[in-house]
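Data block below; observations after.
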Amino acid sequence: EAGVTQFPSHSVIEKGQTVTLRCDPISGHDNLYWYRRVMGKEIKFLLHFVKESKQDESGMPNNRFLAERTGGTYSTLKVQPAELEDSGVYFCASSQDLGGAKYFGPGTRLTVL
Amino acid sequence: DQQVKQNSPSLSVQEGRISILNCDYTNSMFDYFLWYKKYPAEGPTFLISISSIKDKNEDGRFTVFLNKSAKHLSLHIVPSQPGDSAVYFCAASAPGANSKLTFGKGITLSVRP
């Protein structure tokens, strides 16, 4: 069974540009989460989808971040316009059940110059 | 305000000995705790979990102990192997429709051959 996949693995952009990250969860997992780790700090929750619906987006930093999950399958996270402080590793995770373990993808390392 | 704390940034142990990784939490609503292991350039990999109704959970070489009164949990790895060298994250979740994870900053474990 394929795990959670993320694309791209790395992205280097300039301040003010737009970047879109993609996550493909494990097949059949209704719950999809986005997390972010800024260098040296803890991994922080961004938002949670149940199928195509946003269950909780309390961790989204500001309105420059837009997440979508059309059709309840893959998800995208768009940052527009990107700022220097957006640099970090963005992880996607999925799970079948709410209470169980979340399975993480390899992450996308975003560098904003 | 960090709700999950891993106060020791690193730990070095000899191969074959026991590794004990500690984690403290402040939110008394947390009822489910997980340990993740992370290699460089990879996403966190689920290792073991424990519910607050238990005080111990064991899976092979890995055992997690939970002390609710002290709001403390620990991960024991016995015997430690060089392949265990990685960053270990403690995470917790509270009951509810979200079950988002709150992470600590991680501990870097080095197992010396």
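For chain B, what does the alpha-carbon gyration tensor say about shape, rounded, prolate or oblate, given a ≥ b ≥ c as the root eigenvalues, a/c under 1.5 as rounded, and a/b over b/c as prolate? Note, shape of chain B comes out prolate. Per residue, chain B exposes an accessible area of 47 Å² to a 1.4 Å probe, with every protein chain left in place.
The interface between chain A and chain B buries about 1700 Å² of solvent-accessible area in total (1.4 Å probe, ligands and nucleic acids excluded).
Quick check: at a probe of 1.4 Å, how many percent of the accessible area of the range A:1-93 sits on carbon and sulfur atoms? On the range A:1-93, the fraction of accessible area on carbon and sulfur atoms equals 48 percent. Here the calculated FRET efficiency for A:K54 and B:K68, from their Cβ-Cβ distance with R0 = 22 Å, stands at 0.10, rounded to the nearest 0.05.
Solvent-accessible surface of chain A, averaged per residue with a 1.4 angstrom probe and all protein chains in place: 49 square angstrom. What the phi angles of the range A:24-32 give under the Karplus curve with 6.51, -1.76 and 1.60, with θ = phi - 60°, is a coupling list of 10, x, 5, 4, x, 7, 7, 8, 10 Hz, glycine and proline written as x.
Contact-buried residues of the range B:8-54, at a threshold of 20 Å² lost accessible area versus the chain by itself: B:Y32, B:Y36, B:K38, B:G43, B:P44, B:F46 (1.4 Å probe; DNA, RNA and ligands ignored). Shown in residue order for the range A:64-81 are the 3J(HN,Hα) couplings computed by the Karplus curve 6.51 cos²θ - 1.76 cosθ + 1.60 at θ = phi - 60°: 7, 9, 9, 10, 9, 8, 5, x, x, 10, 6, 10, 10, 10, 10, 10, 8, x Hz (x for Gly and Pro).
The values are calculated or read from the model by the stated rules, or taken from the named source; none is laboratory data. What you are looking at is a predicted structure, and each value in this text was computed from that prediction instead of being measured. For neighbour counting, all protein chains shown are included, and Cβ atoms are generated from backbone atoms with ideal geometry for every residue, glycine included. Heads up: the accessible areas ignore ligands, DNA and RNA and are worked out on the full protein's heavy atoms, side chains in. Shrake-Rupley method; radii C 1.70, N 1.55, O 1.52, S 1.80 Å.
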